[in-house]
Amino acid sequence: MNVYTPILVLGILAFGFAVFSIVIASFTGPKRYNRAKYAAYECGIEPTPQPMGGGRFPVKFYLTAMMFIIFDIELVFLYPWAVSADALGAFGLIAIFLFLINLCLPYAFEWRRGGLEWD
Amino acid sequence: MNTFTAPEIDYVAIAPILIVAIAALLSVLTETFLPRSVRRPVQMILTLISLIGALIVLVINRDIRTITGGGAVAIDGPALVLMGTILILALLSAFLVAERSLDSLGDSFAPSAAALPGSVDEREFSARGYFQTEIWTLFLFAVLGMLAFVVANDLLFMFVALEVMSLPLYLMVGMARRRRLLSQEAALKYFVLGAFSSAFFIFGAGLVYGFAGSISLPEINDALASTAGETLLIVIGMAMLLVGLLFKVGAVPFHQWTPDVYQGAPTPITAFMGATVKVAAFGAMMRLLYVAFSGIQWDWEIILWAVSILSMIIGSLIALTQSDVKRMLAYSAIAQSGFILVGVVAASPSGISAVMFYLIAYGLVTVGTLAVISMVRDSTGEATHLSKWAGLGKKSPVLGAVMAVFMLSLAGIPLTSGFVIKFSVFAAGIAEGDTWLVIAAVVASIIAAFFYVRVIVVMFFSAPNENTASVAVPSIFTTITVAATVTATLVLGIIPQPMIDLLTNAGIFIR
């Protein structure tokens, strides 16, 4: 038997269950329509505070998120390098330092352009 | 534990790419530490020096044929030719980016693209006379991605190059100084659809890895040769990789973004991406198909046959109905992708060199045409509606004549480069037995000739009226680009043989 057969069977079961649920709901479920049911689905209460005039959010959060990504990606590569630093030798050391220099550039850019100032 | 052997890297062979990479990083430093007043000249000089320097190193390197960087980089004839093409086209478009005397407000880019269109912030930035200089940094990174794209010899490096090329382009598209909302809409559409197609590419790479156990293109080919059955996985993987690449060249049915992006982007950026992205993506596509997937040629030929015919016919037919010059050029770009695919399907050395010739000549014409469009203006900026071009040839004979040369070349009329490239691509197709495909291509080029010639008719055979746009006086930058492209178009059309000889010698991909 092919190794992928169980996955295929699982996929068919999942698809079948979805179809079954929709069909059975259309037969047995009560149908009482109102305005809220026709509106686009959104869960929870209205988000507060609403952005001022024109629906824009402050860019600060995105800048912080970008900063996180810079350091996050740095660590993703630093850990595997650190684990096998001995085996990788001088080539690995030079490569990781080149990588760190490249990462410092956007960091410096963000700092100089005021991305670290909250107010 | 496995012992680690450091990959051999031939720094001389990849020097052109390294030069552009270092220039791009220096460009980030320029933006970071230099005061606003000197950024623009520094960025321009940096871009100019790095592109010309890379081109010189490329010419010195012209005899290098090697695979380096642990098998990730292949420097061969097509790679060198395509890198040179990208550098020249990027240089010519860089002049358009530098142009500042056409628009009364300054260059073509928003001083602060992040400011809300029509807001107080935006007016303040304009009033202070700020100029966008990050465009040069993005420009250099895009060129870097394109250079890496055509030499990539494994799927992962190819994907990274694809992203390095695409991400700056998404941003640059949204930076037009005028018609900001249109530009931002184009950028968003391009980004969302582009990211979607990149996902297809990386998923396809995963499936191919699942089949071959390697991401290196020659090893995928070996795996195909040694495995008899179980080809469904690799066929699906190959098709998904093609989706990613066909999106970049704007072939039907992955063309929906093209008109909006061509129209919304600042015209220098339209010129840049319209010319160079096609070169990079077709270069990568040929390497992928010929080096990795020659074992399932039958499968991808069928796909590309269909895509090619659809692109040519749909692109040409919809272009007939366009009244905006930039949108018409976008549909023409879709049709031209179809013509290039005829050469890709041919899959022979003559097909490869025909495709490369097509990319060179078509790229030059594209940059030249958009340079001309950027000069035709009225009080609201560029006048791209065809009705405003009425009688332009009588008002400004030189510009009219130049535009006429480009239109005739795109239509494929003899004595222009357009005839030679169409002829060589169709000849390569017939030599490989794709007669029906070539017949469809000829029919499509007859349809296409109509809307190219219509521009000439509008310019020369109708009287100028009060709506006719005026022609802004360009500085030395745009003049160089227009002069170079129109000269190249005529020279390649009248004496194409030296270029054909050069490309015939360069038409072999190494494994």
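Just so you know, all these numbers are worked out from the coordinates, no wet-lab data involved. Everything numeric here is computed off the predicted structure, so don't read it as measured data. A quick note on method: Cβ atoms are made from the backbone with ideal geometry, for glycine too, and the neighbour counts reach across all protein chains shown.
Using the structure shown, list the pairs from A:37/A:60; B:248/B:394; B:278/B:422 with a Cα-Cα distance above 26 Å, or answer none. Present the calculation step by step, with values, prior to reporting the outcome.
Numbers: A:37/A:60 36 Å; B:248/B:394 38 Å; B:278/B:422 16 Å.
Listed pairs above 26 Å: A:37/A:60; B:248/B:394.
Go through region B:55-66 residue by residue and turn each phi into a ³J(HN,Hα) via Karplus (6.51, -1.76, 1.60, θ = phi - 60°); whole Hz please, and just put x for glycine and proline.
With the stated coefficients, region B:55-66 comes to 5, 5, 4, 4, 5, 4, 7, 4, 9, 6, 10, 8 Hz.
Using only the alpha-carbon atoms, how far is helix B:435-460 inclined from the longest principal axis of chain B? Give it as 0 to 90 degrees, nearest 10.
10
Could you line up B:396, B:387 from fewest to most neighbouring Cβ atoms inside 10 Å? All intermediate terms of the calculation are to be shown ahead of the outcome.
On the way: B:396 20, B:387 14.
Starting with the residue having the fewest Cβ neighbours, the order is B:387, B:396.
Enter the angle in degrees (range 0 to 90, nearest 10) between the Cα long axis of helix B:349-375 and the first principal axis of the Cα atoms of chain B, meaning the one along which they spread out most.
Between the helix axis and the principal axis of chain B, the angle is about 20 degrees.
How do B:487, B:384, B:504 rank when sorted from fewest to most other Cβ atoms within 10 Å of their own Cβ?
B:487, B:504, B:384
Do the sum for the protein assembly as shown: with -39,500 (n - 2.57) for every DSSP H run of n ≥ 4, divided by all residues, what is the mean residue ellipticity at 222 nm, to the nearest 500 deg cm²/dmol? Could you put the intermediate results ahead of the total?
Working: 24 runs with 442 residues, N = 630.
Calculated mean residue ellipticity at 222 nm is -24000 deg cm²/dmol.
Among B:272-282, B:174-184, what's the highest-first ranking by average C-beta atoms within 10 angstrom per residue?
Values: B:272-282: 26.6, B:174-184: 19.8.
Ranked from most to least packed, the peptides come out as B:272-282, B:174-184.
Nearest 10 degrees is fine. How inclined is helix B:217-226 to the longest principal axis of chain B, computing both from alpha carbons?
Helix B:217-226 and the main axis of chain B meet at about 40 degrees.
Name the residue from B:503, B:110, B:387 whose Cα lies farthest towards the positive end of the charge dipole of chain B, charges +1 on Cβ of Lys and Arg and -1 on Cβ of Asp and Glu.
In chain B, that residue is B:387.
Can you work out the FRET efficiency for the pair residue A:13 and residue B:52, with r the C-beta to C-beta distance and R0 = 56 Å, to the nearest 0.05?
Numbers: r = 63 Å, r/R0 = 1.12.
According to the calculation, E is roughly 0.35.
So how do B:499, B:312, B:407 line up by other beta-carbon neighbours within 10 Å, fewest first? Mind dumping the intermediate values first?
Details: B:499 20, B:312 29, B:407 25.
Least crowded to most crowded, the residues run B:499, B:407, B:312.
For an R0 of 51 angstrom, estimate the FRET efficiency from the Cβ-Cβ distance between residue A:112 and residue B:457 and round to the nearest 0.05. Before the final figure, lay out the partial values.
Numbers: r = 54 Å, r/R0 = 1.06.
Here the calculated transfer efficiency is 0.40.
Mind jotting down the distance between the C-alpha centroids of region B:129-153 and region B:211-255, whole Å?
For region B:211-255 versus region B:129-153, the Cα centre distance is 28 Å.
Just tell me which lysines come within less than 27 Å, Cα to Cα, of residue B:388; anything on the same chain fewer than 8 places away is out.
B:326
Apply the Karplus curve 6.51 cos²θ - 1.76 cosθ + 1.60, θ = phi - 60°, to the phi angles in region B:78-89 and return the couplings in whole Hz, x for Gly and Pro.
Running phi through 6.51 cos²θ - 1.76 cosθ + 1.60 with θ = phi - 60° gives x, 4, 5, 4, 5, 4, x, 4, 4, 5, 5, 5 Hz.
Roughly what would the spin-label model give for residue B:299 and residue B:10, points 7 Å off Cα along C-beta, in nm?
3.1
If you average the alpha carbon positions of region B:494-511 and of region B:155-187, how far apart do those two centres end up, in angstrom?
Region B:494-511 and region B:155-187 have Cα centres separated by 32 Å.
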